[in-house]
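The values are calculated or read from the model by the stated rules, or taken from the named source; none is laboratory data. Just so it is clear, the model here is predicted, and its values are computed rather than measured. Positions of Cβ are backbone-derived with ideal geometry, glycine not excepted, and every protein chain shown enters the neighbour counts. Ligands, DNA and RNA are stripped out before the accessible areas are found, and what is left, the full protein with its side chains, is counted by its heavy atoms. Shrake-Rupley method; radii C 1.70, N 1.55, O 1.52, S 1.80 Å.
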Amino acid sequence: MKLLTHNMLSSKCLKGVVTGYPLTIIAKDVKVSEVDFNQEFVSRVLPKLDWNVLWKAAERLGHVGELPQTLIENYENDPEFLKKVHHVLLEVEVINGELVCPETGRKFPITSGIPNMLLNDDEV
Amino acid sequence: MSISVPKLATPDWSSDLSENVYEPSEDSFLLLDALESDLHFIQEKIQPLVLLEVGSGSGVIITALSKFLAARSFCMAVDINWDACVATCETARINDAQVDVIQMDLDSALCLNNQVDLLVFNPPYVVTPDEEIESGGIVASWAGGKTGRQVLDRLLGNLSYLLSKNSVGYFVVIEENQPEAIKVEITICWFYRGKQLRNVKFATRLYPFCVSNLCYSFISCLVSNVL
Ligand SMILES: C[S@@+](CC[C@H](N)C(=O)[O-])C[C@H]1O[C@@H](n2cnc3c(N)ncnc32)[C@H](O)[C@@H]1O
């Protein structure tokens, strides 16, 4: 699971849960690999994301580096900044661990990089 | 003067795909053909950032798209079947493509507030008793319940939350699914739910394909504020 995906996951499908966002990451095994950088992609995708959630997730995994807690302005023209964002969005991956619902504490396992978000019948 | 037409290469997939996973079949290849014939449109008019394939099975479709768009986009795949999720990862890996995979029921754990630019679903579309849908595993890759649309219809009901303002979705259906009725249904769902998207133009196109005596159609629904 990449942090870009984490930014878009919620447990709102659980019975009684209102927003279920963001899910807390408990990482047992994190992999960092090189992914091609595309400046335009990163700068176009940023407005779709919750920066605060991304920053906190990256910090939790120990990969926040020099990224500022508040999103800078005019990042479109700042390739150095966008490269760092690229790194946390696409290069850092949780291979094994858990995602935890912030409202109920329900845990969703991540195995071989794949989060299992399926619910039991009595949870829907 | 010749215009070069972009190609969507069919990716390799593992020769020992689990029996529990839908093997790429005629419908998969026809969907790849339909996407290929639209590549120019996808590249120029949609310029998709976020791609989502629902029910990725072996993963050939999303892997082909990921290879083609490369670093210009982010590809996500979901499947309800664990073995299919693993197969999708494996197919992406074999082809050196980037695809992030999540096991879930349709889009139930995604909070994609109108962020999907390209959506693909080759759903279980065979007409079966409704109960068969719950069987899981390989049965869930084809069992579509009454009219074969039980699974697809649940996703179509969420389109107005999923699709971005300039987006396109491709869905495989067969004659028995009543493609014309689906178009009407999508439109109704959209306008009923999508008040905030009133200014968005919405259109569906139908691509008919015939193989042996099965008729497949690809309903593609375009949501756009530029076209
Ligand atoms: C006809 S197969 C298509 C597989 C692949 N996309 C292809 O074209 O070869 C349908 C896929 O949808 C998956 N599926 C069925 N019901 C689903 C659901 N509720 N949520 C997510 N995936 C589902 C099945 O496991 C299967 O992999």
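Can you compute 3J(HN,Hα) from phi for each residue in region A:104-120, using the Karplus curve 6.51 cos²θ - 1.76 cosθ + 1.60 with θ = phi - 60°, rounded to whole Hz and x for Gly and Pro?
With coefficients 6.51, -1.76 and 1.60, one gets 10, x, 4, 9, 10, x, 10, 10, 6, x, 10, x, 9, 9, 6, 10, 6 Hz.
Sorting A:His86, B:His40 by accessible area (1.4 Å probe), largest first, what list results?
On the way: A:His86 10, B:His40 115 Å².
Final ranking, largest accessible area leading: B:His40, A:His86.
Arranged from highest to lowest average of other beta-carbon atoms within 10 Å per residue, in what order do the peptides A:8-16, A:57-65, B:97-105 appear? Display every interim value, and only then the final one.
On the way: A:8-16: 18.6, A:57-65: 16.3, B:97-105: 22.8.
The packing order, highest mean first, is B:97-105, A:8-16, A:57-65.
Would you tell me the mean number of C-beta atoms belonging to other protein chains that fall within 10 Å of each C-beta in A:68-79, as a whole number? Intermediate values should be presented prior to the final figure.
Numbers: counts 0, 0, 0, 0, 0, 0, 0, 0, 0, 0, 0, 0.
Partner-chain Cβ atoms within 10 Å, mean over residues of A:68-79: 0.
Which residues' amide hydrogens lie under 5 Å from the amide hydrogen of B:Cys111, considering only partners 5 or more residues apart or on another chain, with H built in the peptide plane?
A:Leu9, A:Ser10
Given only helices, namely DSSP H runs of n ≥ 4 each adding -39500 (n - 2.57), what is the per-residue ellipticity at 222 nm of chain A, to the nearest 500 deg cm²/dmol? Write out the running numbers ahead of the final one.
Details: 4 runs with 29 residues, N = 124.
When only DSSP H runs of four or more count, the value is -6000 deg cm²/dmol.
Using 22 Å as the Cα-Cα cut-off, could you pick out the over-long pairs in A:Lys2/A:Lys83; A:Lys28/A:Lys107; A:Lys2/A:Lys84; B:Lys7/B:Lys45; A:Lys12/A:Lys83?
Among A:Lys2/A:Lys83; A:Lys28/A:Lys107; A:Lys2/A:Lys84; B:Lys7/B:Lys45; A:Lys12/A:Lys83, the Cα-Cα distance tops 22 Å for A:Lys12/A:Lys83.
Rounded, prolate or oblate: which fits chain B, taking a ≥ b ≥ c as square roots of the Cα gyration tensor eigenvalues, rounded meaning a/c under 1.5, else prolate when a/b beats b/c?
On the way: a/c = 1.34, a/b = 1.06, b/c = 1.26.
Rounded is the answer for chain B, as its axis ratio a/c remains below 1.5.
If contacts are Cα pairs under 8 angstrom and at least 6 residues apart, what is the relative contact order of chain B in percent?
Numbers: 469 pairs, mean separation 39.7, N = 227.
Relative contact order for chain B comes out at 17 percent.
Take every Cα pair under 8 Å in chain A that's 6+ residues apart, average their separations, divide by the length, and report that relative contact order as a whole percent. If you can, show how the numbers build up before the last one.
Working: 187 pairs, mean separation 46.8, N = 124.
Contact order relative to length: 38 percent.
Taking each residue in B:39-50, count the Cβ atoms of any other chain within 10 Å of its Cβ, then average. What number comes out?
Numbers: counts 0, 0, 0, 0, 0, 0, 0, 0, 2, 0, 7, 5.
The mean count of partner-chain Cβ atoms within 10 Å per residue comes to 1.
Quantify, in whole percent, the carbon and sulfur part of the accessible surface of chain B (1.4 Å probe; protein heavy atoms only). The partial results should precede the final answer.
Numbers: 5220 of 9840 Å².
Heavy-atom surface of chain B belonging to carbon and sulfur, 1.4 Å probe: 53 percent.
Rounded to the nearest 10 Å², what accessible area does A:Cys101 have for a 1.4 Å probe in the complete protein model?
Probe radius 1.4 Å; accessible area of A:Cys101 about 0 Å².
Just to verify a number: what accessible area does A:Tyr75 come out at with the full protein assembly present, 1.4 Å probe, Å² rounded to tens?
30
Would you mind classifying chain A by shape? Square roots of the alpha carbon gyration tensor eigenvalues, ordered a ≥ b ≥ c; an a/c under 1.5 is rounded, otherwise it is prolate if a/b is larger than b/c and oblate if not.
Values: a/c = 2.35, a/b = 1.75, b/c = 1.34.
Judged from the Cα gyration tensor, chain A comes out prolate (a/c at least 1.5, a/b above b/c).
Interface size between chain B and chain A, please: total buried accessible area, 1.4 Å probe, rounded to the nearest 100 Å².
Numbers: alone 11060 and 7200 Å², together 15850 Å².
That pair hides around 2400 Å² of surface in total.
What angle, in degrees between 0 and 90 and rounded to the nearest 10, separates the Cα long axis of helix A:51-60 from the longest principal axis of the Cα atoms of chain A?
On a 0 to 90 degree scale, this one is about 80.
Could I have the simple spin-label model distance between B:Leu39 and A:Ile72, label points 7 Å from Cα toward Cβ, reported in nm to one decimal?
Computed distance between label sites B:Leu39 and A:Ile72 equals 3.7 nm.
Skipping prolines and chain starts, which residues have an amide H placed within reach, meaning under 5 Å, of the one on B:Gly137, given they are 5 or more residues away or on another chain?
Under 5 Å from the amide H of B:Gly137: no residue qualifies.
Give the distance, in whole Å, between the Cα centre of region B:23-93 and the Cα centre of region A:83-118.
For region B:23-93 versus region A:83-118, the Cα centre distance is 21 Å.
To the nearest 500 deg cm²/dmol, what mean residue ellipticity at 222 nm is calculated for chain B from DSSP H runs of n ≥ 4 alone, each contributing -39,500 (n - 2.57), summed and divided by the residues?
Values: 6 runs with 61 residues, N = 227.
Helices in chain B give a 222 nm mean residue ellipticity of -8000 deg cm²/dmol.
What whole-number value in Å² describes the accessible area per residue of chain A for a 1.4 Å probe?
Values: 6010 Å² over 124 residues.
Each residue of chain A exposes 48 Å² on average to a 1.4 Å probe.
Taking H as built 1.01 Å from N, whose amide H comes closer than 5 Å to the amide H of A:Ile95, not counting residues under 5 places away?
It is A:Asp29, A:Val30, A:Lys31, by chain and number.
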